[in-house]
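Asker: I have a structure I would like to understand better, so I am pasting it below and will then ask my questions one at a time.
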Amino acid sequence: MTLPTNGGTPLGFGGGLYSTTTTIGPSDPLLLSLTCLAILSFLYAVFVLRPRSKGGNTAPPIVTSSPVSGLPVVGTIIEFGKSPVKMVQRCYEDYGPVFTVPFFHKRLTFLIGPEAQEPFFKAPDEVLSQNEVYGFMKPVFGPGIVYDASKKNRQVQFQSMAHGLRTARLKGYTSKIEKETRQYLKTWGDSGELDLFHALSELTILTASRCLHGDDVRENLFKEVSELYHDLDQGLTPLTVFFPNAPTKVHKKRNAARAKMCELFSKVIKNRRDNPNVKHSDGTDILSIFMDVKYKDGSAITDEQVTGLLIALLFAGQHTSCITSTWTSLFILNNPEILKRIVEEQNGVFESDVDAAVDYKMVNEDMPLLHNSMKEALRLCPPLILLIRYALKEVKVQSAGKQYTIPKGDMVLISPSVGMRIPEVFKEPNKFDPDRFGPGREEDKSSPFAYMGFGGGMHSCMGQNFAFVQVKTILSVLFREFELEMVSKTMPDIDYEAMVVGPKGDCRVRYTRRR
């Protein structure tokens with residue numbers, strides 16, 4: 001998740017100062033000046049001097065200056081708000097692979113590059129924790145889910161998710177994704193023009209619903225589930241990170257949507273349990289797995305928790321898959337030679353049969369160029385520009401021949417957007433070059449933590465295999481059924497203002513059905 005781009009703290013301080021000084025009156029300029037000076041001195045001590053004193057001699061360098069503003073600390077906050085990625089890139093070039101940025105009352109310590117990132121991915125939860133960072137998701141997922149669950153219950157929840165995403169189930173999901181894709185593409189007609197990002201967003205949630213929720217939900221309740229998910233999604237804003245329960249309009253709609261979602265799925269679960277002999281789905285959907293979860297203390301999962309896990313999975317996959325499928329398509333279309341090779345690869349796998357069925361083996365083994373194109377799109381445009389942990393203990397970091405100590409209490413961050421564009425790791429890092437992952441090059445294997453398209457280490461994304469199957473199946477059908485070209489002559493920008501970073505600009509394509 002990205003951090004908020006504009007917090008409420010400065011306004012809060014300004015408001016407090018105004019309400020105090022209005023009672024002093026114009027006859028007390030000296031008292032007013034002394035009050036302002038005292039407040040500014042306090043802020044300087046808290047936000048500038050205190051952060052410098054933590055960590056001892058091996059503490060990371062502190063970044064307090066910025067080209068955006070000459071004011072210490074304030075400049076870096078403004079710079080971060082304008083573009084976190086550009087600021088992290090500048091600090092990496094100026095200060096090296098490990099540095100700390102004071103952010104109001106927090107210290108943000110960044111680790112950039114494979115060597116520096118290693119402790120981030122290898123440290124256990126007892127050292128670098130996610131719970132303190134992502135607690136703002138509780139109003140979306142619900143109590144007792146993922147980051148709000150006890151360690152033992154969270155392990156059971158993750159195990160059930162992993163069970164639903166194992167290879168045996170992915171084989172069945174492939175045909176479901178293909179079916180949804182072909183049905184959706186029929187609505188396009190033989191030719192036309194559309195926004196590819198919007199279209200692939202719709203298609204992604206259709207395929208996810210079929211695999212996660214089951215046939216009964218997909219066939220009868222999809223429209224309602226989709227609308228409720230939209231309200232949940234819109235309820236996640238930069239303000240949510242600091243004030244998850246602020247009484248805003250989008251938060252109220254989020255809370256109402258979650259309550260309605262729980263009510264809806266409780267009815268689905270009750271109907272399945274009350275009518276076991278009726279075929280509600282083929283039994284491979286993840287809802288079926290969650291319904292049978294039991295915790296280690298013997299207690300059964302509640303309907304509300306089942307709903308929360310479904311929401312968590314949908315959140316984890318929806319943005320990533322629709323954004324990645326869009327970027328992958330646009331990068332391919334923007335590179336004629338790659339497009340030609342992609343079509344040739346598909347024709348080779350399916351013997352030029354547009355209607356040939358897709359199976360798991362084909363998607364998993366026989367489309368290396370499409371696979372590497374997706375990896376390359378994720379390298380250039382990762383949906384999550386920052387990954388965050390909270391240091392419960394001191395963390396030792398070794399990088400570029402130096403030893404650093406990250407103090408307890410720091411927020412520890414890595415940036416896939418910056419870390420996967422380092423020229424020493426990836427040659428010509430700003431170029432779309434899927435062959436960099438191919439035999440003889442394999443730049444992603446130069447270090448265990450060079451490539452972070454799906455995170456890494458003990459918290460790598462458990463849904464990455466599902467994502468590859470989902471996106472590659474959709475694009476395999478898309479590129480076989482249609483000839484496509486971008487309307488714009490240039491690629492869209494990366495929308496760094498969004499919570500989950502996607503394309504910003506013209507994503508329209510022209511399409512013609514292949515005969």
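Asker: Once you order the gyration tensor axes a ≥ b ≥ c over the Cα atoms, which shape class does the chain get: rounded for a/c under 1.5, otherwise prolate or oblate by comparing a/b with b/c?
Answerer: In terms of gyration-tensor shape, prolate.
Asker: To continue, here is another question. Just to confirm my numbers, what's the Cα centroid distance between segment 336-409 and segment 436-515 in Å?
Answerer: 8 Å
Asker: Is segment 108-177 rounded, prolate or oblate when judged by the Cα gyration tensor, a ≥ b ≥ c being the square roots of its eigenvalues, rounded requiring a/c under 1.5 and prolate requiring a/b larger than b/c?
Answerer: Oblate, because a/c is 1.5 or more while a/b does not exceed b/c.
Asker: Can you show me the helix-derived [θ] at 222 nm for the chain, built from DSSP H runs with n ≥ 4 at -39,500 (n - 2.57) apiece and divided by the number of residues, rounded to the nearest 500.
Answerer: Only helices count here, giving -16000 deg cm²/dmol.
Asker: A further question follows. From the phi angles alone, apply the Karplus equation (6.51, -1.76, 1.60; θ = phi - 60°) to segment 61-74 and give each ³J(HN,Hα) in whole Hz, x where the residue is Gly or Pro.
Answerer: Once rounded to whole Hz, the list reads x, 9, 9, 10, 10, 8, x, 6, 8, x, 6, x, 6, 4.
Asker: Moving on to the next point. I'd like the Karplus ³J(HN,Hα) series for segment 111-119: coefficients 6.51, -1.76, 1.60, θ = phi - 60°, whole numbers in Hz, and an x wherever there's a Gly or Pro.
Answerer: Coupling constants for segment 111-119: 10, 10, x, x, 5, 5, 6, 4, x Hz.
Asker: What is the local net charge at Glu485, summed over the other residues whose Cβ is closer than 12 Å to its Cβ (Lys, Arg +1; Asp, Glu -1)?
Answerer: That sum, taken over residues with Cβ under 12 Å, equals +1.
Asker: Sticking with this structure for a sec: Work out, step by step, the length gained on full extension between Lys361 and Asp495: first 0.36 nm times the residue separation, then minus their alpha carbon distance; give nm to one decimal.
Answerer: Full-extension gain reported as 44.8 nm.
Asker: Please list, by residue number, every one of the GluC sites (Glu not before Pro) in segment 334-410 that is coil in DSSP and has at most 13 other beta-carbon atoms within 10 Å. Before the final figure, lay out each step's value.
Answerer: Numbers: sites: Glu337, Glu344, Glu345, Glu351, Glu365, Glu376, Glu394; in loops: Glu351, Glu394.
Loop-located and lightly packed - Glu351.
Asker: Can I ask one more? Counting only other residues whose beta carbon sits under 13 Å from that of Thr187, what net charge do I get with K and R as +1, D and E as -1?
Answerer: Spelling it out: positives minus negatives among the neighbours equals -1.
Asker: For segment 331-483, give the percent of accessible area contributed by carbon and sulfur heavy atoms, probe 1.4 Å, rounded to a whole number.
Answerer: About 49 percent, which is the carbon plus sulfur part of the accessible surface.
Asker: Okay, moving on. Just to confirm, what accessible area per residue do you get for the chain at 1.4 Å probe, in whole Å²?
Answerer: 45 Å²
Asker: Still on this model: Quick one: which residues, 5+ away or cross-chain, put their amide H under 5 Å from the amide H of Glu485? H built at 1.01 Å from N.
Answerer: Answer set, sorted by chain and number: Arg510.
Asker: Also, I was wondering about something else. Enumerate the calculated ³J(HN,Hα) couplings along segment 322-328 in order (Karplus 6.51 cos²θ - 1.76 cosθ + 1.60, θ = phi - 60°), each rounded to whole Hz, writing x wherever the residue is Gly or Pro.
Answerer: 5, 5, 5, 5, 5, 4, 4
Asker: If amide H atoms are built 1.01 Å from N in the plane of the peptide, which residues on other chains or at least 5 residues away come under 5 Å of the amide H of Arg107?
Answerer: Met411
Asker: Can you tell me the FRET efficiency between Ser446 and Lys270 if r is taken as the Cβ-Cβ distance and R0 is 51 Å, rounded to the nearest 0.05?
Answerer: 0.45
Asker: Right, another one. About its Cα centre, how strong a charge dipole does segment 370-435 have in debye, to the nearest 20, once Lys and Arg get +1 and Asp and Glu get -1 at the Cβ?
Answerer: Working: 10 positive and 7 negative charges, 59 e Å.
In debye, rounded to 20, segment 370-435 gives about 280.
Asker: Then there is this: Can you give the extra length, in nm with one decimal, that the chain gains between Arg510 and Leu194 once fully stretched, where that is 0.36 nm per residue apart less the Cα-Cα distance?
Answerer: Answer, rounded to one decimal: 113.1 nm.
Asker: If you rank Ile77, Ile286 by how much accessible surface each has, with a 1.4 Å probe, what is the order from largest down?
Answerer: Numbers: Ile77 30, Ile286 0 Å².
Most to least solvent-accessible, the answer reads Ile77, Ile286.
Asker: If you put +1 on each Lys and Arg Cβ and -1 on each Asp and Glu Cβ, how big is the dipole of the chain around its Cα centre, in Debye rounded to 20?
Answerer: With Lys and Arg at +1 and Asp and Glu at -1, about 1120 debye.
Asker: Calculate, in nm to one decimal, what Asp292 and Cys461 gain on full extension: separation in residues at 0.36 nm each, minus their alpha carbon distance. Numbers along the way, then the final one.
Answerer: Values: separation 169, 0.36 × 169 = 60.84 nm, distance 2.31 nm.
Working it through step by step, the gained length comes to 58.5 nm.
The values are calculated or read from the model by the stated rules, or taken from the named source; none is laboratory data. Source: prediction; values computed, not measured. Cβ sites come from the backbone with ideal geometry, for glycine too, and all protein chains shown count toward neighbours. These accessible areas exclude ligands, DNA and RNA; they are computed on the full protein's heavy atoms, side chains included. Shrake-Rupley method; radii C 1.70, N 1.55, O 1.52, S 1.80 Å.
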